[in-house]
Amino acid sequence: MSTYYTEDHEWISVDGDTGTVGISVYAAKQLGDVVYVELPDVGKSLDKGDEAAVVESVKAASEVYAPVGGEVTAINEALEDAPDTVNASAEGDGWFLKIKISDAGELGSLMDSDKYKAYCDGL
Amino acid sequence: MSELKRTKLFDKHVAAGAKMVPFAGYDMPVQYPLGIKSEHLHTREKCGLFDVSHMGQCFISADDGTFETAAKALETIVPADIQSLKPGQQRYSQFLNAEGGILDDLMISRLGLEGHTHTLYLVVNAGCKDDDFAHIEKHLPDGVNLSIKDDTLSLIALQGPKAAEVLGGLNSKVQDLVFMTHTDLPLGDIWAHVSRSGYTGEDGYEISVKHEDVDALVDQLLAHDDVELIGLGARDSLRLEAGLCLYGHDIDTSVSPIEAGLIWSVQKHRRGGEGYLGAARIAADIADKSSKRLVGILPEGKAPAREHTEIQDQDGNTIGEITSGGFGPSVGGPVAMGYVARKFAKASSEINLMVRGKARPAKVVKLPFVPHTYYRG
């Protein structure tokens, strides 16, 4: 299982043709207390870069984009009652959604964890 | 862009690990490592310390040495009754333009200190203060003078249920003050102007001290276990839950004090349509039952509705806009304020908020969202 990151601080963890998507620990820390997560409907088809979800902190709302294209197969319904899971475990229990990846080739444009770490250090 | 100004507590904010952001021309702490939600809840449960030194402080006094002359002069540019202020009393008011639009909102106090009871003390918003001071200068008659104190005075706020106990540890006399009164007294060995007021809905104080004393005073207050530094982020969520207007968002030149629900701050004999700049608009908006109103809005569900969110009626007609909206940590859900057409201003009116293209149900509610806990003796 490999995990990739975008410059907008989403992560996608790939297992076969299923990708689990969330926001990075770095992003969760920048946002502060997450108070609401709006997730897409299961079955929704997303292109790479489409708005997939919205995450809201006390201060502001931020869009979460699809790291690659695909169809939404599951959403993390636990976030509805416990949005702060995103702060506690951004890259674990705080996942947002799962997608069936339509073109694995799109993963090639993303960063691996070392590259992403260097990217964040430069911000 | 001009360089950001710093308050005298800048180094303290940075040392405390604050995230600093530009606000009204100042480099200010938006949050500390505790985080906005915890800072907010700490203030409601114990006591929060805010640096509000970016706000403008000034005095107005008359050459003839009487309070009456100074009060009459100020009354030409604010709707509040100033002449009836007793020494040590404080009122909330607004500066209006000729059309009755709100230029800024402010606190006005008559000093209580013997020998100074002819002097008015004003605290205005940071983002408006340069314009405010020019506006005051322009309208004060000869013989009434404005003295700006930004170069000499800092301002901090201590807010929350433990504030009286904490500040009382430095001088027990502060516990005798009631809401919207103030006094001058020593806090330890620091001379301070202390008012029992604030902008969080909680009991608490605003404390004005000389720049050179503010660091030492803050150290003494922070030494108390119940006191935490609180940033602008929590200040915003606290005042929103308390139903208090934020200038530049809920109020600006496009609205009058009546539309903004501030009629309580215009004393009855000042509602007749004359006597101060913008007075005609006050009378007209009181008479006009169709004018819009600022109301509290409680979204159903959990999605916050932010500033500029469109408000619709059940039939999809636009009836207003959210002016402040977010998550209320003490409410435990989304809260908002916004303007609606008068016929929807009644509590429990059902409205829709257009968040990300979807109509989401909400109700008009009475403000505040969290009861005020002001100390009235």
- Note on the structure: Per the filter on the stretch A:48-72, residues in a strand (DSSP E or B) and within 13 Å of chain B (Cβ to nearest Cβ) are A:GLU51, A:ALA52, A:ALA53, A:VAL54, A:VAL55, A:GLU56, A:SER57, A:ALA61, A:SER62, A:GLU63, A:VAL64
- Which numbered condition trips up B:LEU353, out of (1) more than 23 Å from the chain's Cα centre (by Cα); (2) surrounded by fewer than 23 Cβ atoms within 10 Å (Cβ to Cβ)? (2)
- Task: Scan the stretch B:209-229 and give yes if some residue there is under 23 Å from B:ILE148 (Cβ atoms) and in a strand (DSSP E or B), otherwise no.
- Result: yes
- Query: If we scan the stretch A:75-88, do we find a residue that is hydrophobic (A, V, I, L, M, F, W, C), away from every other protein chain (no Cβ under 14 Å), under 14 Å from the mean Cα position of the chain (by Cα) and farther than 24 Å from B:LEU41 by Cα?
  - Reply: yes
- Task: Filter the stretch A:102-123 for residues that are of a type in the set (A, V, I, L, M), outside any loop (DSSP other than H, G, I, E, B) and open to solvent by 50 Å² or more (accessible area, probe 1.4 Å) and give the result.
- Result: A:ALA104, A:ALA118
- Scan the stretch B:311-329 and give yes if some residue there is more than 22 Å from the chain's Cα centre (by Cα), open to solvent by 40 Å² or more (accessible area, probe 1.4 Å) and within 14 Å of chain A (Cβ to nearest Cβ), otherwise no. no
- The one condition in (1) in a strand (DSSP E or B); (2) modelled with pLDDT under 95; (3) hydroxyl-bearing (Ser, Thr, Tyr) that B:SER291 fails to fulfil: (1)
- When residues of the stretch A:1-25 are filtered for being surrounded by fewer than 20 Cβ atoms within 10 Å (Cβ to Cβ) and of a type outside the set (Val, Ile, Thr), how many remain? 8
- Note on the structure: Subset of the stretch A:86-101, residues open to solvent by 10 Å² or more (accessible area, probe 1.4 Å) and in a loop (DSSP other than H, G, I, E, B), comes to A:SER89, A:GLU91, A:GLY92, A:ASP93, A:TRP95
- Number of positions in the stretch B:35-51 that are facing another protein chain (nearest Cβ under 10 Å) and either β-branched (Val, Ile, Thr) or in contact with a helix residue (DSSP H, G or I) (Cβ under 7 Å, 6 or more places away or on another chain) (or both): 3
- Query: For B:ILE60, all conditions in the list (1) assigned to a helix (DSSP H, G or I); (2) touching a residue at least 24 places away in the same chain (Cβ under 8 Å); (3) more than 14 Å from chain A (Cβ to nearest Cβ) hold save one; what is the number of the exception?
  - Reply: (1)
- Task: Please verify whether the stretch B:231-251 includes one or more residues that are away from every other protein chain (no Cβ under 14 Å), closer than 17 Å to B:GLU165 by Cβ, touching a residue at least 40 places away in the same chain (Cβ under 8 Å) and assigned to a strand (DSSP E or B).
- Result: no
- Restricted to the stretch B:155-170, and to residues that are touching a strand residue (DSSP E or B) at 6+ places or on another chain (Cβ under 6 Å) and of a type outside the set (A, V, I, L, M), which residue is nearest to B:TYR205 (Cα to Cα)? B:GLN159
- Query: Is it fair to say B:VAL30 is surrounded by fewer than 18 Cβ atoms within 10 Å (Cβ to Cβ) and under 19 Å from B:SER53 (Cα atoms)?
  - Reply: no
- Pick from the stretch B:330-350, criterion within 13 Å of chain A (Cβ to nearest Cβ) and out of contact with any strand residue (DSSP E or B) (no Cβ under 6 Å at 6 or more places or on another chain), ranking: surrounded by the fewest Cβ atoms within 10 Å (Cβ to Cβ): B:GLY332
- Task: Could you list all residues from the stretch B:1-15 that are in a loop (DSSP other than H, G, I, E, B) and open to solvent by 40 Å² or more (accessible area, probe 1.4 Å)?
- Result: B:MET1, B:SER2, B:GLU3, B:LEU4, B:ARG6, B:LYS8
- Of all the residues that make up the stretch A:57-83, how many are open to solvent by 60 Å² or more (accessible area, probe 1.4 Å) and at pLDDT below 95? 3
- Task: Kindly list the number of the only condition in (1) more than 13 Å from chain B (Cβ to nearest Cβ); (2) crowded, with 21+ Cβ neighbours inside 10 Å; (3) closer than 30 Å to B:VAL21 by Cα that fails for A:ALA28.
- Result: (1)
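The values are calculated or read from the model by the stated rules, or taken from the named source; none is laboratory data. Every value quoted in this text rests on a predicted model; they were computed, and no experiment measured them. Cβ atoms come from the backbone with ideal geometry, glycine included; neighbour counts cover every protein chain shown. Side chains are part of the model used for accessible areas, which takes the heavy atoms of the whole protein and leaves out ligands, DNA and RNA. Shrake-Rupley method; radii C 1.70, N 1.55, O 1.52, S 1.80 Å.
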